[in-house]
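Student: Before I ask anything, here is the structure I am working with.
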Amino acid sequence: MSEKTETKAESPVGIVTPKDFHSDARLELDCGKSLRDLNIRYETYGTLNPDASNAILVEHALTGDAHLAGRHDENDRKPGWWDEMVGPGRPFDTEKYFIICSNVLGGCSGTTGPGSIDPDTGEPYRMNFPVITIQDMVRAQKLLIDHLGIRKLLSVVGGSMGGMLATQWAISYPEMVSSVIAIATAIHIPAQAIAFNWVGREAIMADPTWNGGNYREQPQKGLAIARMLGHITYLSEESMRHKFGRKLQSSEDYSFDFSTDFRVESYLNHQGNCFVERFDANSYLYITRAIDYFDVSDQADGDNFKVFDNVHCPFLVVSFSSDWLFPEYHGRDMARTLIENGNDVTFCNIRSDYGHDAFLLEAETLSKLMIGFLNNIYMED
């Protein structure tokens, strides 16, 4: 996801306090191992109604966290990552819905991950943390939703990896999901995305500071390169051409060396440097591997259709015309599979030059789709 800033007057949510849920349950994982003493960091917005029927779970993307909207204090430089979608009259209307966003399992923003303390050793897990999947992340979130006393979610919503989580929720717990909004995502990860994730992880692990995952200080160079590579996939040729073209950064001619000549180079350096200040390298390894393993057909003997047999809720599936990480045909294939399964499906391919990041940047168009869809689900329920 791209970094973005916003003036302090633009968030109607105000100050938000993160919460922690600690579970004593043992979480069994797809890899055959288990985790205990889990902590899940989450934030909520709005009020849960008496029958707990107005809850919406919002899933974040790879480098996101539980901080969906508002600010943690008055000095915060920017609001949560999808702030423009939360508040009265917005898709996640806080006067109507109860919104939940949690940091995923394996993360580095409060939820148990490789940087957490292993209760069996008293030391950080680091690379002893078990390899996790998207299904494991959903299992962990289920513990939180049960804790909140919610028997059925009005909707599960997410973009990119968040769309995978939302789709997996419907597969894993179909009786608990009234609808799904899956944006800029796919029902399996294509080889190209796996390839980019692989190179990003190789950059991290090739940094001498990584030290087999036992680093004292963040492997800044490797993680920054991974971020720069990933960030390129979130953009599009059109957006980069409009924003940067071949403009030089600070001189009128080439330097004729290997310093930063172009504005696009400076921009990527900035993205990488900002990223290492807020994200953990080992978490990046684990979460990208979970994304690589995501293929819904693996849960039904290779059958994309069979896996949705018990899924009967409506879906809103959205893709973007310039997204080359998850091109439009991924969304269309997902919609077609669901339609053949008998689901009520709304599919929309939005014309945008923003690339994969359009799910964060095309707020006005996306808001119209989501408000209408969620209103219908709310009235039906």
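The values are calculated or read from the model by the stated rules, or taken from the named source; none is laboratory data. Keep in mind the model is a prediction, meaning the values are calculated, not measured. Because the Cβ atoms are built from the backbone with ideal geometry, glycine has one as well, and the counts that use them run over all protein chains shown. Each accessible area value is taken on the protein alone, full model and side chains, heavy atoms only, with ligands, DNA and RNA left out. Shrake-Rupley method; radii C 1.70, N 1.55, O 1.52, S 1.80 Å.
Student: Determine ³J(HN,Hα), in whole Hz, for all residues of segment 41-50 in sequence, where each value follows from phi through the Karplus function 6.51 cos²θ - 1.76 cosθ + 1.60 and θ = phi - 60°; x replaces Gly and Pro.
Tutor: Each residue of segment 41-50 in turn: 8, 8, 10, 10, 9, x, 10, 6, 6, x Hz.
Student: Describe numerically, in nm with one decimal, the distance between label points set 7 Å from Cα along Cα→Cβ at residue 36 and at residue 364.
Tutor: Label-label distance for residue 36 and residue 364, simple model: 5.5 nm.
Student: For segment 1-133, take every pair of Cα atoms, bin their distances at 10 Å starting from 0, and report each bin as a whole percent.
Tutor: Binned Cα distances yield the sequence 12, 37, 30, 18, 3.
Student: If I stretch the segment between residue 19 and residue 292 completely, what's the gain in nm (0.36 nm per residue apart, minus their alpha carbon distance), one decimal? Intermediate results must be reported in sequence, preceding the final value.
Tutor: Working: separation 273, 0.36 × 273 = 98.28 nm, distance 2.95 nm.
Using 0.36 nm per residue and subtracting the Cα-Cα distance, I get 95.3 nm.
Student: Go ahead and estimate [θ] at 222 nm for the chain from helices alone: -39,500 (n - 2.57) per DSSP H run with n ≥ 4, summed, over the residue count, rounded to 500.
Tutor: On the way: 10 runs with 124 residues, N = 381.
One gets -10000 deg cm²/dmol as the mean residue ellipticity at 222 nm.
Student: What number, in percent, do you get for the relative contact order of the chain if the mean sequence gap of Cα pairs under 8 Å and at least 6 apart is divided by its residue count? Display every interim value, and only then the final one.
Tutor: Details: 765 pairs, mean separation 65.0, N = 381.
Across the chain, relative contact order equals 17 percent.
Student: Same structure, new question: Rounded, prolate or oblate, given the Cα gyration tensor of segment 101-233, with a/c below 1.5 counting as rounded?
Tutor: Working: a/c = 2.77, a/b = 1.42, b/c = 1.95.
Taking the square roots of the gyration eigenvalues as a ≥ b ≥ c, segment 101-233 is oblate.
Student: What do the square roots of 5 times the Cα gyration tensor eigenvalues come to for the chain, in whole Å, largest first, as semi-axes of the equivalent ellipsoid?
Tutor: For the chain, the semi-axes come out at 31, 25, 22 Å.
Student: Report the Stokes-Einstein translational diffusion coefficient (µm² s⁻¹, integer) for segment 105-162, Rh taken as the Kirkwood radius over Cα pairs, at 4 °C with viscosity 1.567 mPa s. Display every interim value, and only then the final one.
Tutor: Numbers: Rh = 13.1 Å.
Stokes-Einstein gives a translational diffusion coefficient of 99 µm²/s.
Student: Right, something else. Let me test this: with uniform point scatterers at the alpha carbons of segment 176-263, what is the Debye-based log₁₀ I(q)/I(0) at q = 0.10, 0.17 1/Å?
Tutor: -0.45, -0.97
Student: Let me ask something additional. Out of the total accessible area of the chain (probe 1.4 Å, heavy atoms of protein only), what percent is carbon and sulfur?
Tutor: Numbers: 8040 of 16550 Å².
Within the chain, the accessible surface is 49 percent carbon and sulfur.
Student: Calculate, for the chain, the solvent-accessible area per residue in square angstrom, rolling a 1.4 angstrom probe over the heavy atoms of the protein chains. Each step should come with its number before you reach the end.
Tutor: Numbers: 16550 Å² over 381 residues.
Spelled out: the 1.4 Å probe surface of the chain, per residue, equals 43 Å².
Student: Which value does Rg/Rh take for segment 300-381 over its C-alpha atoms, Rh per Kirkwood? Intermediate results must be reported in sequence, preceding the final value.
Tutor: Values: Rg = 14.0 Å, Rh = 13.8 Å.
Looking at segment 300-381, the ratio lands at 1.01.
Student: Average the reciprocal distances over every distinct pair of alpha-carbons in segment 215-294, invert the result, and give the Kirkwood radius in Å.
Tutor: The answer is 14.3 Å.
Student: Hey, what's the Kirkwood Rh for segment 182-321 if you take every pair of different alpha carbons, in angstrom? Working shown, then result.
Tutor: Details: mean 1/r = 0.0562 Å⁻¹.
It works out to 17.8 Å.
Student: Using DSSP, restrict attention to beta bridges with both residues in the chain and report what percent are antiparallel, rounded to the nearest 5.
Tutor: Numbers: 14 of 39 bridges.
Antiparallel bridges make up about 35 percent of those DSSP assigns within the chain.
Student: Taking the Cα-to-Cβ direction at residue 258 and at residue 309 and moving 7 Å from each Cα, how far apart do the two end points lie in nm?
Tutor: So the label points at residue 258 and residue 309 sit 5.6 nm apart.
Student: Hey, how many Å between the Cα centroid of segment 233-279 and the Cα centroid of segment 84-160?
Tutor: Segment 233-279 and segment 84-160 have Cα centres separated by 33 Å.
Student: Using label points projected 7 Å from each Cα along Cα→Cβ, tell me how many nm separate residue 120 and residue 273, to one decimal.
Tutor: With each label placed 7 Å out from Cα toward Cβ, I get 4.2 nm.
Student: Contour minus end-to-end for residue 205 and residue 250, with contour as 0.36 nm per residue of separation and end-to-end as the Cα-Cα distance?
Tutor: 12.9 nm
Student: How high is the FRET efficiency between residue 299 and residue 237 when r is their beta carbon distance and R₀ equals 41 Å, given to the nearest 0.05?
Tutor: 0.70
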